[in-house]
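Everything on this sheet refers to the single structure shown next.
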Amino acid sequence: MKRVVSGALILLVGYLAWAALMTWAHPRLIYPFFPDPVDLPGFREVGVAMPDGTEIALQVSEGEGPTILYFMGNAGALQLFADSLAAHQGQGRRVVALEYRGGGGRPGTPSEAALKRDALAAADHALSYGDPVVIHAYSLGSGLAVHVAARRTVAGLILEAPFSRLCALMARAAFLPACIMPLVQRWDTLGDAPDVSAPVLILHGANDRLIPPANSVALDAALGRSRRVVVEGADHLDIGLNGRTWREIVDFMHEIRP
């Protein structure tokens, strides 16, 4: 009996140590940003001072409305998403893209709370031009997009490879109850979804293994005005390069044109 109790205690201590390690490490896993600086032809940098003293950077290209507000994924730096930005720019649209704090050589420490504040500031800048704003977001950026759309008036959302609750993905990967653990950045998109009134286009790669397509099923159900498209042959990393993705985006932009 003592051996059983001792074994159980060892397992419990080990599990708690694992939970503590993942609580400490998970921000580094969520925000693996690169220091690569941004060099986007036709874009200019606009600085926005935040209440915490950090100056965030927006990359802005001139064009006609609607204004595209772009939120990138969590890996790399904004420069890696230049093709998506150029596609909108090529359509003559104004583009406002948020550089995430802590990435691209920018100051600041990324966190869910900080990035959501930054995203709202970026939205306020995009709205200041007076044209309708359409948010285009990929992966982690989809959490920012839904958060903003629940609190600002936007004309539409385009969500590529979105998640419902990032903590649920963490729970499955780490075998931990991440969605109820203290100090874990939960990124619960489902919580904001019911407050979004704008039309939403959801695009998810059929072969996405990082954020399985089932994640967008739950998000689609929680949103009021959404259309979900599964892009055959696309995975998490190449969905933005798929021709079907951009055909759907073009059609959506025509549908919601004010």
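Every number in this text was worked out from the coordinates using simple rules, so none of it is lab data. Treat the numbers as computed from the prediction; the structure is a model and nothing was measured. So basically every Cβ, Gly included, is an ideal-geometry build from the backbone, and we count neighbours across all protein chains shown.
Numbers below:
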| read-out | value |
| --- | --- |
| Size of electric dipole in region 2-255: Cβ of Lys, Arg +1 and of Asp, Glu -1, about Cα centre, debye, nearest 20 | 1040 |
| Cβ-based exposure ranking for MET72, MET253, MET170, MET181, in which fewest neighbours within 10 Å come first | MET181, MET253, MET170, MET72 |
| Which of GLU112, GLU45 has the fewest Cβ neighbours within 10 Å, and the rest in rising order | GLU45, GLU112 |
| Separation of alpha-carbon centers, region 223-253 and region 134-200, rounded to whole Å | 17 |
| Whole-Hz ³J(HN,Hα) from phi, Karplus 6.51 cos²θ - 1.76 cosθ + 1.60, for region 198-204, glycine and proline x | 6, x, 10, 9, 9, 10, 9 |
| Highest-MSF residue in the chain out of ILE180, ILE135, ILE68 [GNM, Cα springs under 10 Å] | ILE180 |
| Top of ALA77, ALA218, ALA49 by mean-square fluctuation, Gaussian network on the chain, Cα under 10 Å | ALA49 |
| Most mobile listed residue (THR54, THR245, THR189) in the chain, GNM with C-alpha springs under 10 Å | THR54 |
| Long-range amide H partners of SER226 with built H, under 5 Å | VAL200 |
| Acute angle (nearest 10 degrees) that the helix 140-149 long axis makes with the longest principal axis of the chain, alpha-carbon atoms | 60 |
